[in-house]
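J.: Have a look at the structure that comes next, please.
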């Protein structure tokens with residue numbers, strides 16, 4: 001059984017699909033069953049380069065991958081970043097040579113971010129009560145450095 005927003009990868013051709021509606025059938029591609037991608041977090045090995053880091057900016061959020069920037073080469077890269085907030089999903093695709101980051105104009109109390117590495121799979125981070133960016137602090141503050149303020153969901 002697959003659930004909405006599950007990510008699967010074909011073990012033969014590396015095609016990646018996201019489930020939009022739950023289904024009881026086995027997903028397959030090129031013959032064998034597709035493999036459900038487990039959401040890894042900052043506690044998993046490899047998180048130093050892969051775990052999404054969420055920062056508040058003046059207009060929304062910025063997501064970067066890893067404390068050590070993730071490689072963005074043709075054979076090893078973050079393919080996409082997805083933000084889930086206020087019951088909506090937002091996605092930006094990245095290409096080799098791009099910075100391993102993306103910006104989204106989203107204001108929400110609760111943010112979940114997922115990113116997909118073509119070699120190491122699906123990575124996830126969530127934050128509650130993201131801090132606001134104060135005019136006297138600078139263009140962006142990391143989650144850890146700024147005071148907590150509530151945002152209105154929506155907009």
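J.: I'd like to verify a number: residues in the range 24-38 that are touching a residue at least 60 places away in the same chain (Cβ under 8 Å) and surrounded by 16 or more Cβ atoms within 10 Å (Cβ to Cβ), how many?
T.: Selection size over the range 24-38: 1.
J.: What pairs can you find where one residue is in the range 63-82 and in contact (Cβ under 8 Å) with a residue 40 or more places away in the chain, the other is loosely packed, with under 14 Cβ neighbours inside 10 Å and not in a strand (DSSP E or B), and their Cβ atoms are less than 7 Å apart, with a gap of 6+ or different chains?
T.: 76/119; 77/96
J.: Provide a single number: the residues in the range 6-18 that are surrounded by 15 or more Cβ atoms within 10 Å (Cβ to Cβ) and on the phi > 0 side of the Ramachandran plot.
T.: Total meeting the criteria: 0.
J.: Based on what the data block shows, is residue 38 under 15 Å from residue 122 (Cβ atoms), at pLDDT 90 or above and either assigned to a loop (DSSP other than H, G, I, E, B) or not assigned by TED's automatic domain parsing to the domain that holds residue 122 (or both)?
T.: Values: under 15 Å from residue 122 (Cβ atoms): yes; at pLDDT 90 or above: yes; either assigned to a loop (DSSP other than H, G, I, E, B) or not assigned by TED's automatic domain parsing to the domain that holds residue 122 (or both): yes.
Judged against the criteria, residue 38 is a match.
J.: When you check residue 21 against the structure, is it part of a loop (DSSP other than H, G, I, E, B), without any contact (Cβ under 8 Å) to a residue 60 or more places away in the chain, surrounded by fewer than 21 Cβ atoms within 10 Å (Cβ to Cβ) and on the phi < 0 side of the Ramachandran plot, yes or no?
T.: yes
J.: Yes or no: the range 5-13 includes at least one residue that is closer than 27 Å to residue 107 by Cα, in a loop (DSSP other than H, G, I, E, B), in contact with a helix residue (DSSP H, G or I) (Cβ under 6 Å, 6 or more places away or on another chain) and touching a residue at least 40 places away in the same chain (Cβ under 8 Å).
T.: No: zero hits.
J.: How about the range 43-63: which of its residues are under 15 Å from residue 114 (Cβ atoms) and buried (at least 21 other Cβ atoms within 10 Å of the Cβ)?
T.: Those that are under 15 Å from residue 114 (Cβ atoms) and buried (at least 21 other Cβ atoms within 10 Å of the Cβ): 50, 51, 52, 61, 63.
J.: Restricting to the range 71-105, name every residue that is surrounded by 12 or more Cβ atoms within 10 Å (Cβ to Cβ) and assigned to a loop (DSSP other than H, G, I, E, B).
T.: 71, 72, 77, 86, 94, 96, 98, 99, 100
The values are calculated or read from the model by the stated rules, or taken from the named source; none is laboratory data. All values reported here derive from a predicted model rather than from experimental measurement. Every residue, glycine among them, receives a Cβ derived from its backbone with ideal geometry; neighbour counts consider all protein chains shown.
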